[in-house]
Amino acid sequence: MTCAMNRQLIWLLWTGVCAQDVSEQQAKLAHIRDVNLERAAALPSFVADEVAVRYTSPHVDPPQWKILDTIESEISVHGTGFARQNVRINGKPWTKPNFPNFTWSVDFGGELKPLFDPECKTEIVFGRSTEALGRPALAFKFRAPADTCFGALNIKNGFFSRLKTYRPPWTGRFVVEDPGGAVVEFEEEAHEFPKDFGTDPLTDTIRWDYVKIGDESHLLPVSEEIYGGFVHADLWHVVVEYKNHRHFEASSNVTFH
């Protein structure tokens, strides 16, 4: 039994869960790991429309959010390859790889492997029964150490400054279908940064739902919501919707990196 499992066992016993229930939860978590690692390795190939509204606020409490712009893109997914193309900001074409000031990555299902691959050393603790998509579900909490599998943050202050990169520890929760075990909600937060790194706490929430692609139904991300910012600049709030999931058209010409 790993150190993470030992901590989970202590926590469950402290909250009054019997040893039999602990064993059942560990077996259920093992099933959930298998289900979601299989999903991560076998995403369908498809195209979806991404519509993101970006809000900004000065550093005040509470924030005073104002709409900055609307970004429309086409997201192409093919196995482990992802591309964002045909980008428009407030209706005008945008051809640079990053958006002005605040950019998020395109990585459908990118949270599944860091959560469940044992090599990523993510600690998972059972939370409670809940509901998602109008059906029974299970909620879990997690913590991932710094410099492991979860995403890195990149900051560059000014044209001549060097790019700073840090892979922080992440904490959060996720919700899976019960039964079934597939992740349908995922929330992560990073708030521990090196001194003078210059980043405010970052939170990211992703929701999945069943969508039709052709005649088949697939469980895929349908929305994302991000809060973040920079200590010496503005706060950011990004609300993203993914819709119109569809097959590639025969005439598509897509390059994946």
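Each value in this text was obtained by applying a stated rule to the coordinates, not by laboratory testing. Since we're looking at a predicted model, the values are computed, not measured.
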Inset, instruction - Grab every C-alpha pair in the stretch 96-183, bin the distances at 5 angstrom width from 0 up to the longest one, and report whole percents. - result: 3, 12, 18, 18, 16, 13, 10, 6, 3, 2, 0
Legend entry - Mean-position separation - Cα centroids, the stretch 33-59 and the stretch 127-153, in angstrom: 15 Å
Legend entry - Evaluated over the stretch 120-228, the Cα radius of gyration and Dmax, each in Å: 16.8, 53
Legend entry - Under 26 Å between alpha carbons - lysine pairs in the stretch 83-228 that sit 8 or more apart or on different chains: 13
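Starting from the Cα gyration tensor of the chain, multiply each eigenvalue by 5, take the square root, and state the resulting semi-axes largest first in whole Å.
Values: eigenvalues 205, 125, 54 Å².
Sorted largest first and rounded, they come to 32, 25, 16 Å.
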Inset, instruction - Could you pull out every residue, at least 5 positions away or on a different chain, whose amide H is within less than 5 Å of the one on residue 132? Hs are placed 1.01 Å off N in the peptide plane, and Pro or chain starts have none. - result: 137
Inset, instruction - Calculate the translational D of the stretch 46-130 in whole µm² s⁻¹ from Stokes-Einstein, where the hydrodynamic radius comes from the Kirkwood formula applied to all Cα pairs, the temperature is 37 °C and the viscosity 0.692 mPa s. - result: 206 µm²/s
Inset, instruction - Give the Rg (one decimal place) followed by the Dmax (whole number) of the stretch 164-232, computed from C-alpha coordinates and expressed in Å. - result: 16.0, 52
Legend entry - Residue of 83, 152, 139 that the Gaussian network model of the chain assigns the largest fluctuation, springs spanning Cα pairs under 10 Å: 152
